[in-house]
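The values are calculated or read from the model by the stated rules, or taken from the named source; none is laboratory data. This one's a predicted model, so the numbers in the text were calculated from it and none came from an experiment. Note that we place each Cβ from the backbone using ideal geometry, even for glycine, and neighbour counts take in every protein chain shown. The protein model used for the area step is the full one, side chains on, heavy atoms only, and it has no ligands, DNA or RNA in it. Shrake-Rupley method; radii C 1.70, N 1.55, O 1.52, S 1.80 Å.
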Amino acid sequence: MKIDIPHHLSDEDLEAQLKSLARSEQEATARLISRLAEFDGRRLYRAAGFSSLFNYCCEVLHLSEPAAYNRIEVARAARRFPDILRMLGEGSLSLATVRLLATQLTAGNWQELLPAAAGKSKREVEQMLAGYFPRPDVPTSVRKLPAAKPPAVPSVPTPPMPYGPRPAGTAADLPLASPSPPLPAPVRRPVVRPLAADRYEIRFTATAQTRDQLRAAQDLLRHAVPTGDVGQVIDRALTLLLEDLARKRFGATARPRASRGTAPGSRDVAANVRRMAWSRDGGRCKFVSKNGRRCNARAFIEFHHVEPYGAGGEGTVDNIRLLCRAHNAFESERFYGRGRPAKSNSSRDEFAAVAVLGAGRPLPP
Ligand SMILES: [Zn+2]
């Protein structure tokens, strides 16, 4: 599709087309939101090989992360209050104003709030909501501030923070909690910034205790890291942490003990089975969609019985595979049907795991 800058148009035609296209975009947005709402409701992203609608939107729909975030929030609001779709299509509400309204809309106030927000800008809706829902003054706080600004680094534009804190005492300082299913962490100023192919700048705020522990570790490691290089110290600390997490949560260990196994028919998965399954599947969700896309999620990993436990499936290495929570529930629903608790086909060992092993650092055998 070839699109040129329309130098040839008259001023009148240019403005007319601009208005027409903006209207079309609003209608297209409303239609997209409506489909997204239904797609979300049916959780079809799971069958497509994704553990979340957010990832699906970014990878398949090619939405930017903030765009995906906004549209998912608006779609979920529109499922609760379908009038939002009509108003988006008319252009009387925008994605930004719907997101502001979404946290405040209830069955008792939407018929007043939606018309009141029609045609208003984001700033005007913020002001309007502050009138409807006044908040108390924020208490005075005393914070220790850095003595000097850190060395200047090229600033990165800060995208809007859907749930993050906002400057206190402003009209924007409104409740931001959403009752909808959780989305991934909101996009915010990056704390891990690539500097070169394998070099990263990592910034975070630490407590005085963490600072003291870092200094103590630097001193104790002088023989191995004479310069006290923080990157190397943190790398060693994280290596130990990840090995410890893997041992506790996945049964991984450098010196596995002979397993006592589990009783026949037990839903429990023995430590040696967990360890082998975790190692074989690389600590990632092994779900593969019909079109061949493997999920590969690393968070919220669970042990899934390939032949369902409820159908006599045993907790053997061959019958256990790693799935993320979303795909474990998906497989469970495929077997048992919807409405049954998602954990029906998973081991009792369910982890809110944030293991990030892999990526060039093999787990101890
Ligand atoms: Zn998955």
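Within region 64-81, does at least one residue satisfy the condition of being without any contact (Cβ under 8 Å) to a residue 24 or more places away in the chain and in contact with a Ser or Thr (Cβ under 9 Å, 6 or more places away or on another chain)? First the steps, then the outcome.
At the first step, the residues of region 64-81 found to be without any contact (Cβ under 8 Å) to a residue 24 or more places away in the chain are 64, 67-68.
Next, from what is left, pick out any that are in contact with a Ser or Thr (Cβ under 9 Å, 6 or more places away or on another chain): none.
Checked against the condition, which is being without any contact (Cβ under 8 Å) to a residue 24 or more places away in the chain and in contact with a Ser or Thr (Cβ under 9 Å, 6 or more places away or on another chain), region 64-81 yields no hits at all.
Provide a single number: the residues in region 117-129 that are farther than 16 Å from Leu88 by Cβ, free of Cβ contacts under 8 Å to residues at least 40 places away in the same chain and in contact with a helix residue (DSSP H, G or I) (Cβ under 7 Å, 6 or more places away or on another chain).
Residues flagged as farther than 16 Å from Leu88 by Cβ, free of Cβ contacts under 8 Å to residues at least 40 places away in the same chain and in contact with a helix residue (DSSP H, G or I) (Cβ under 7 Å, 6 or more places away or on another chain) within region 117-129 amount to 1.
Ala258 passes all but one of (1) within 16 Å of the ligand (Cβ to nearest atom); (2) among the hydrophobic types (A, V, I, L, M, F, W, C); (3) at pLDDT below 85; which number fails?
Answer for Ala258: the failing condition is (1).
Output the number of residues of region 284-321 satisfying the condition of being more than 10 Å from the ligand (Cβ to nearest atom) and either modelled with pLDDT under 90 or open to solvent by 70 Å² or more (accessible area, probe 1.4 Å) (or both).
Residues in region 284-321 being more than 10 Å from the ligand (Cβ to nearest atom) and either modelled with pLDDT under 90 or open to solvent by 70 Å² or more (accessible area, probe 1.4 Å) (or both): 13 in total.
So Arg46 passes all but one of these: (1) buried (at least 18 other Cβ atoms within 10 Å of the Cβ); (2) away from the ligand (no atom under 16 Å from the Cβ). Which condition number does it fail?
Here Arg46 clears every test but (2).
Looking at (1) at pLDDT 90 or above; (2) in the same structural domain as Gly312 (by TED's automatic domain parsing), which is the one condition that is false for Ala263?
Of everything listed in (1) at pLDDT 90 or above; (2) in the same structural domain as Gly312 (by TED's automatic domain parsing), Ala263 misses just condition (1).
Just checking, how many residues over region 49-67 are away from the ligand (no atom under 15 Å from the Cβ) and open to solvent by less than 60 Å² (accessible area, probe 1.4 Å)?
Result for region 49-67: 5.
Would you mind telling me which numbered condition in (1) buried (at least 16 other Cβ atoms within 10 Å of the Cβ); (2) among the hydroxyl-bearing types (Ser, Thr, Tyr); (3) within 15 Å of the chain's Cα centre (by Cα) Ser34 fails?
(3)
Based on what the data block shows, is Asp11 over 17 Å from Ala297 (Cα atoms) and either open to solvent by 60 Å² or more (accessible area, probe 1.4 Å) or of a type in the set (Val, Ile, Thr) (or both)?
Details: over 17 Å from Ala297 (Cα atoms): yes; either open to solvent by 60 Å² or more (accessible area, probe 1.4 Å) or of a type in the set (Val, Ile, Thr) (or both): yes.
When the stated conditions are applied, Asp11 passes them.
Go through region 206-251 and give me each residue that's among the hydroxyl-bearing types (Ser, Thr, Tyr) and over 30 Å from Phe303 (Cβ atoms).
Within region 206-251, the first condition is being among the hydroxyl-bearing types (Ser, Thr, Tyr), and the residues that meet it are 207, 210, 227, 239.
Answer for region 206-251, where residues must be among the hydroxyl-bearing types (Ser, Thr, Tyr) and over 30 Å from Phe303 (Cβ atoms): Thr207, Thr210, Thr227.
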